[in-house]
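Engineer: Pasting in a structure now, in structure tokens, and then I'll have a few things to ask.
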Amino acid sequence: MDVVFLIGRILFVAVFLGSSAAHLSDRGAMAGYAESRGVRPGQPAVWITGAQILIGGLSVLLGVWMDVGAILLALFTLSTALLMHRFWPEKDPTTRQQEMIQFMKDIALAGASLILLFLVWELGDATPLTLTDPLFDVD
């Protein structure tokens, strides 16, 4: 069963590692999009979030302080949902639908991050196939 947990971690972080590569390699376009959604200044936000999801994704993937990684990913997805994918003010039905889909995806990923955080804290040093125990002891 341990391998199932590892495969799940790999599949879960794939989206974050891919997104971090885009954040860090195509900063200009990402910053322009962030600013178009009201996030200013865009460049520092893209740098910070790119690093955030890279560190969080690698933490979960490698099993190094997975609780920290899960927290970083939860914070990223929640803030992205609320700042970047606000569908409610959109007037165009197609744009509204696209933003709603992205919003819901981010909310689902935030939920998965929080479930992972719970599991890591619940299992502690018994969390399978990890390199370190959780950083925070929350008994």
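Throughout, read-outs are computed from the coordinates displayed, never taken from laboratory work. A quick note: this is a predicted structure, and the numbers were derived from the prediction, not measured. Methodologically, a virtual Cβ is constructed for each residue, glycine included, from the backbone with ideal geometry; neighbour enumeration extends over all protein chains shown.
Engineer: Which one, Phe87, Ile55, Gln102, projects farthest toward the positive side of the charge dipole computed for segment 2-126 from Cβ point charges (K/R +1, D/E -1)?
Structural biologist: My answer, from the dipole projection, is Phe87.
Engineer: Pull out the extension gain between Leu6 and Leu83, defined as 0.36 nm times the separation in residues minus the alpha carbon to alpha carbon distance; nm, one decimal.
Structural biologist: Gain on stretching Leu6 to Leu83: 24.6 nm.
Engineer: Residue by residue through segment 34-48, which ³J(HN,Hα) values in whole Hz follow from phi under the Karplus form 6.51 cos²θ - 1.76 cosθ + 1.60 (θ = phi - 60°), with glycine and proline marked x?
Structural biologist: Along segment 34-48, the couplings run 4, 5, 5, 9, x, 8, 9, x, x, 4, x, 4, 5, 4, 5 Hz.
Engineer: Gain in length, Trp47 to Glu90, computed as 0.36 nm per residue apart minus the alpha-carbon separation, to one decimal in nm?
Structural biologist: The span from Trp47 to Glu90 would gain 12.8 nm if fully extended.
Engineer: Here is a follow-up. Return a whole-number percent for the relative contact order of the chain, with Cα pairs under 8 Å and 6 or more residues apart as the contact set.
Structural biologist: It rounds to 24 percent for the chain.
Engineer: Relative to the first principal axis of the alpha-carbon coordinates of the chain, what is the inclination of helix 2-25, with its axis defined by its Cα atoms, in degrees from 0 to 90 and to the nearest 10?
Structural biologist: For helix 2-25, the angle is close to 30 degrees.
Engineer: Among Ile53, Ile107, Ile7, which comes first, second and so on when ranked by fewest other beta-carbon atoms within 10 Å?
Structural biologist: Fewest to most other Cβ atoms nearby, the residues stand as Ile7, Ile107, Ile53.
Engineer: How do Glu99, Glu122 rank when sorted from fewest to most other Cβ atoms within 10 Å of their own Cβ?
Structural biologist: Glu122, Glu99
Engineer: Among 55-68, 108-121, what's the highest-first ranking by average C-beta atoms within 10 angstrom per residue?
Structural biologist: Highest-to-lowest ranking by the protection proxy: 55-68, 108-121.
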